[in-house]
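Below is one structure, written out as structure tokens; the observations come after it.
Read the figures in this text as sums done on the coordinates, not as results from a lab. Because the structure is predicted, anything quoted here is derived from the model rather than measured. Here the Cβ positions follow ideal geometry from the backbone for every residue, glycine too, while neighbour counts run over all protein chains shown.
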Amino acid sequence: MSSIVTLISGRGSNFEAIVKTAQKERWPVKFAGVIANHSASKGLDFARSQGIPAFAIEHKEHATRESFDAALIRKIDELGADLVVLAGFMRILTPSFIRHFEGRLLNIHPALLPAFPGLHTHERALEAGVKEHGATVHFVNEGVDEGPIICQASVPVLAGDTTDSLASRVLTAEHQIYPRAVKWFLDGRLRIEGNQVKIQPPEPQFFKL
């Protein structure tokens, strides 16, 4: 049985979506733990309500990113993670952390990468006047939001959209594709070829919602 450790910073809604999907579909998986970078994270409460071990490693208690990431690595390894899932973890990870978990570190980004990497994606999408926006699940590498793409979902940008309304629509898409990508990984179906991800046996990796 594979083990997942999830990293969060806030309410962890994508983590919640993954857990609920796993429960509904009866995945053979162990949620070994959730780690937040501050104790006020609401996602820790959800984890505890599900009997999932929940931990806070306060980034402010570490003088450097390297020290904080080293503490994260120790805890994740202690929990025995086969897969590390970033679910709204608002910290830039060091190269040493990324290398340590290479090939088993997933993230979801609120944009159709390679468009709009980094922060403030919804504002930037509206400013650019794009007709479609969305979300991307990808493996994490040392580039910012540059890792191999596992799957994407697009949503229309509607007339009169605000940052909040667009963000809400994208978040709904995130909750649909992140559990799917995690299950593909757990089932051993993902193959990284260069900077592309292939699914065996093949099935769609792009969804219009």
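Numerical summary
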| item | result |
| --- | --- |
| Projected area averaged over orientations for the chain, convex hull of C-alpha atoms, nm² | 11.6 |
| Whole-Å distance, taken between Cα centres, linking segment 86-146 and segment 1-72 | 18 |
| Gyration tensor (alpha-carbon) shape descriptor, segment 1-124, a/c threshold 1.5 | rounded |
| Cβ-placed point charges (K, R +1; D, E -1), dipole of segment 107-209 about Cα centre in debye, nearest 20 | 400 |
| Average Cα contact separation per residue, the chain, under 8 Å, 6 or more apart, as relative contact order % | 18 |
| Label point distance in nm, SER96-LYS131, each placed 7 Å from Cα along Cα→Cβ | 4.9 |
| Cα long-axis angle, helix 163-186 against the chain (0 to 90 degrees, to the nearest 10) | 60 |
| Approximate spin-label separation GLU78-ALA40, in nm, with each point projected 7 Å along Cα-to-Cβ | 2.5 |
| Nearest-ten-degree value, helix 65-79 long axis tilted from longest Cα axis of the chain | 70 |
| Charge tally in the Cβ shell below 14 Å around PHE97, where Lys, Arg are +1 and Asp, Glu are -1, PHE97 excluded | +1 |
| Full-extension gain in nm, HIS120 to SER49, via 0.36 nm per residue minus C-alpha separation | 22.4 nm |
| Relative contact order (percent, whole number), segment 107-209, Cα cutoff 8 Å, 6+ residue spacing | 27 |
| Amide H within-cut-off set for VAL197, under 5 Å, with H built and near neighbours excluded | ILE149 |
| Sites GLU142 and ALA56, calculated FRET efficiency, Cβ-Cβ separation with R0 45 Å, nearest 0.05 | 0.95 |
